[in-house]
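The values are calculated or read from the model by the stated rules, or taken from the named source; none is laboratory data. All figures in this text were calculated on a predicted structure; none of them were measured in a lab. Cβ sites come from the backbone with ideal geometry, for glycine too, and all protein chains shown count toward neighbours. Side chains included, ligands, DNA and RNA excluded: accessible areas come from the protein's heavy atoms. Shrake-Rupley method; radii C 1.70, N 1.55, O 1.52, S 1.80 Å.
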There are 2 protein chains.
Amino acid sequence: MALDLIFHALADPARRTMVERLSRGPASIRELAAPLDMSLSAVIQHLHILEASGLVHSEKVGRVRTCHIEPQVLSSAEQWFAERKASIEHSLDLLGKYLEEHPDEHPDEHPDKHPEEPDERNR
Amino acid sequence: MALDLIFHALADPARRTMVERLSRGPASIRELAAPLDMSLSAVIQHLHILEASGLVHSEKVGRVRTCHIEPQVLSSAEQWFAERKASIEHSLDLLGKYLEEHPDEHPDEHPDKHPEEPDERNR
DNA sequence: TCAATAGTTAAGCATTTACTTCACTATTAT
DNA sequence: ATAATAGTGAAGTAAATGCTTAACTATTGA
């Protein structure tokens, strides 16, 4: 699926740096490589992954390859989040309505919202 | 970085299926596993990755662990796209202004927008 | 009490990643 | 013509992934 490739492409910090750079305008491979602490070869491999996802497109003129982002593909990934959020809100709506219609069936609701929250984040 | 873990978590179709399910409401591990063609063990491993990213949280009551999404984390990932799009629009604005101020310096502009576009997508 | 249910961990394994270096091509500048 | 520049591809490697099966614990129902 397309989202597999897109999210995988964006999961790498070097590739996100490249996309962030390209969001500010087209760039050559060397320009993309400049802030990255790795070989040019590695950058080209990252570029291949970005191109395979459709997020980036490039064309070579003379000896320089100019890369640019594909905003539509970026939007298509963004849309997945919008759909999730819509889903979440829908289910919360349903829950709200249910609670309205059954006012007496949950007397022990929220006995204590945050009972000192025993630091679960440092697992 | 947090985005590394979040995008990596979302790059897998099984994990996205799990998140999609959780967007419709909390679920046990078995419920998450139901549509997936893999062992329960594998699903738990995917859950670990989702939890490590912060996208999903879970708690065990009796012998069932109930999982739910963390909408804020979903939003934090979504925001990265919003920032990219803002960046892109900003640079297009600058380009537009530049072209307005220098009307004669690009006479060969768009000689042919799509010269039959020799199928570059089936590389 | 005993069995079914729900979950969990460890170990193993094939595949994929994320690099590296090296050798090499094409283009442009001197 | 030569050298510098820009980019490429192949091969190798260490680590991370995405599973599997098997052994096990804890909870609940009959």
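Here are some notes:
- Residue in segment A:71-80 that is away from DNA strand C (no atom under 12 Å from the Cβ), outside any helix (DSSP H, G or I) and in contact (Cβ under 8 Å) with a residue 12 or more places away in the chain present: no
- Filtered residues of segment A:17-53 (kept if buried (at least 19 other Cβ atoms within 10 Å of the Cβ) and not aliphatic (A, V, I, L, M)): A:Arg21, A:Ser23, A:His46, A:Ser53
- Segment A:4-25 residues that are more than 7 Å from chain B (Cβ to nearest Cβ), paired with ones that are near DNA strand C (Cβ under 10 Å from one of its atoms) and among the basic types (Lys, Arg) (beta carbon under 7 Å, 6 or more apart): A:Ala9/A:Arg15
- Annotation: of all residues in segment A:54-89 being within 16 Å of DNA strand D (Cβ to nearest atom) and polar (S, T, N, Q), the one that is surrounded by the fewest Cβ atoms within 10 Å (Cβ to Cβ) is A:Thr66.
- Restricting the first member to segment B:37-62 and to residues that are in contact (Cβ under 8 Å) with a residue 60 or more places away in the chain, and the second to residues that are open to solvent by 70 Å² or more (accessible area, probe 1.4 Å) and outside any helix (DSSP H, G or I), no beta-carbon pair is closer than 7 Å while six or more apart or on different chains.
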